[in-house]
1. I want to confirm something. Restricting to region A:38-50 and keeping residues that are free of Cβ contacts under 8 Å to residues at least 40 places away in the same chain and more than 11 Å from DNA strand C (Cβ to nearest atom), which single residue is farthest from residue A:113 (Cα to Cα)?
2. Every residue in region B:51-81 that is surrounded by fewer than 12 Cβ atoms within 10 Å (Cβ to Cβ), more than 9 Å from DNA strand C (Cβ to nearest atom) and within 14 Å of another protein chain (Cβ to nearest Cβ), please.
3. Of these, B:89, B:75, which one is modelled with pLDDT under 95 and either out of contact with any helix residue (DSSP H, G or I) (no Cβ under 8 Å at 6 or more places or on another chain) or among the basic types (Lys, Arg) (or both)?
4. Of all residues in region B:100-115 being in a helix (DSSP H, G or I) and without any contact (Cβ under 8 Å) to a residue 12 or more places away in the chain, which is surrounded by the fewest Cβ atoms within 10 Å (Cβ to Cβ)?
5. Restricting attention to region B:21-39, which residues are surrounded by fewer than 18 Cβ atoms within 10 Å (Cβ to Cβ) and away from DNA strand D (no atom under 13 Å from the Cβ)?
Protein chains: 2
Amino acid sequence: MSKPSLPHSCKRSPCPIACTLDILGDKWTLLVIRDLFVGKKTYGEFQASPEGIPSNILADRLKRLLEHEIVEKTPYQQRPVRYAYTLTPKGRALGNVLKAMVQWGEAHIPGSQALMKR
Amino acid sequence: MSKPSLPHSCKRSPCPIACTLDILGDKWTLLVIRDLFVGKKTYGEFQASPEGIPSNILADRLKRLLEHEIVEKTPYQQRPVRYAYTLTPKGRALGNVLKAMVQWGEAHIPGSQALMKR
DNA sequence: TCTAGTCACTTTCAAATTAAAAGTTATGAG
DNA sequence: CTCATAACTTTTAATTTGAAAGTGACTAGA
């Protein structure tokens with residue numbers, strides 16, 4: 001017994017950065033979370049964002065975020081049933097990550113400009 | 001003339017989060033930057049990190065980080081020539097992004113524990 | 001000189017992921 | 001019926017990733 005089998009989500013190492021990237025280290029996940037932060041709630045609204053996330057990727061990412069309890073899904077109407085996604089406290093805690101990225105992007109990437117309020 | 005052609009690095013939209021993710025939105029890039037923050041400098045040191053980045057991916061990411069002037073490469077010896085990578089000011093400015101990820105990971109991912117100093 | 005070893009990559013190729021587009025399901029409106 | 005909408009799912013091709021082996025420039029040792 002050499003590898004002590006990392007608990008839970010930590011797939012590669014116990015480093016919190018590696019663990020975080022195992023969940024949201026890709027091109028799309030944090031954009032969905034950004035959308036939730038600015039008040040978007042539905043599948044259609046996420047799809048309508050200017051970056052144009054592919055539909056299958058969106059479905060996959062929402063599923064992962066649900067599994068990790070970063071977002072919640074509740075029906076906002078019956079017949080036909082339609083869903084609203086919202087951030088959990090765990091998801092809202094990602095605000096600082098987004099904020100740091102906004103700051104870095106605005107300071108260092110020419111042409112980037114904040115759309116996010118706050 | 002409908003699409004005003006986004007300047008420079010902004011591939012998908014002018015949102016600073018999207019622009020930032022265009023550069024470092026993947027599973028490995030921020031781990032290399034983490035390594036640089038803790039003082040690792042050489043290709044071999046990056047490869048030796050516990051997550052085990054594949055060699056071709058490491059080469060690709062270092063190239064991208066050089067292109068974006070997030071890291072610099074300088075020979076630290078001749079005959080045979082060997083290189084040291086270091087963060088530029090632009091790269092060091094990513095400290096807040098890493099810090100936010102460490103905080104979130106430690107608070108929300110069971111089993112994750114900081115290895116990074118400060 | 002021959003052999004082994006180190007470092008910093010590069011190449012190869014199979015497997016996994018992503019992207020684009022079209023299709024599905026449930027339902028209401030006309 | 002037929003059309004429209006929201007929320008997905010499926011299909012298929014293209015791209016990216018990962019694992020492993022290979023390369024080039026040397027150095028040190030037998």
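1. So, considering only residues that are free of Cβ contacts under 8 Å to residues at least 40 places away in the same chain and more than 11 Å from DNA strand C (Cβ to nearest atom), the one farthest from residue A:113 (Cα to Cα) is A:44.
2. Scanning region B:51-81 gives B:52, B:67.
3. Going through B:89, B:75 in turn, the sole match is B:75.
4. B:107
5. B:38, B:39
The values are calculated or read from the model by the stated rules, or taken from the named source; none is laboratory data. These numbers were taken from a predicted model, which means no experiment stands behind them. Cβ coordinates were reconstructed from backbone atoms using ideal geometry, including for glycine residues, and neighbour counts include every protein chain displayed.
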